[in-house]
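This report refers to the structure that appears directly beneath it.
The values are calculated or read from the model by the stated rules, or taken from the named source; none is laboratory data. All of these numbers come straight from a predicted model, not from anything done at the bench. When we count neighbours, we look across all protein chains shown, and the Cβ atoms used for this are built from the backbone with ideal geometry, even at glycine. Just the protein is used for accessible areas: all its heavy atoms, side chains included, with ligands, DNA and RNA removed. Shrake-Rupley method; radii C 1.70, N 1.55, O 1.52, S 1.80 Å.
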Amino acid sequence: MTSATPAYAVVTTTADAETKARFLAAEVIGDRLAACAQVYPVSSVYRWEGKVEQAQEWRVDFKTRGELVERLAERIAELHDYDTPEVVAVPVVAGSAGYLAWVGDETRG
């Protein structure tokens, strides 16, 4: 089974400090792998090494073109200090034409 690459996607990761999240955002935007990054606090509950953990984290949502998702995920992994960073891509199924055109213009081809 194959899946088509979406035209646009939102890629999410988290960091354990606002400064780290903003660093990830700035680097990725500087690399033109995403047009926009939103950084905001979240409260996470997750299982890690057999235990249920709770932590305050900072979520980063990157807006990008679908064809850049793999390179963006690789760049996040290079920059991230987590052993297993979250990298989840969700296809954008609809959006305003002007905004999506801007995302396309601000990311590298």
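Numbers at a glance
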| quantity | calculated |
| --- | --- |
| Tyr99 accessible area, 1.4 Å probe, all protein chains in place, Å² to nearest 10 | 90 Å² |
| Nearest-ten-degree value, helix 97-106 long axis tilted from longest Cα axis of the chain | 80 degrees |
| At most 12 other Cβ within 10 Å, DSSP loop - trypsin sites (Lys or Arg not before Pro), region 18-109 | Arg108 |
| Loop-resident sites, region 47-109, for GluC sites (Glu not before Pro), counting at most 13 other Cβ within 10 Å (DSSP) | Glu49 |
| Heavy-atom accessible area order for Asp16, Asp105, Asp31, largest first, 1.4 Å probe | Asp105, Asp16, Asp31 |
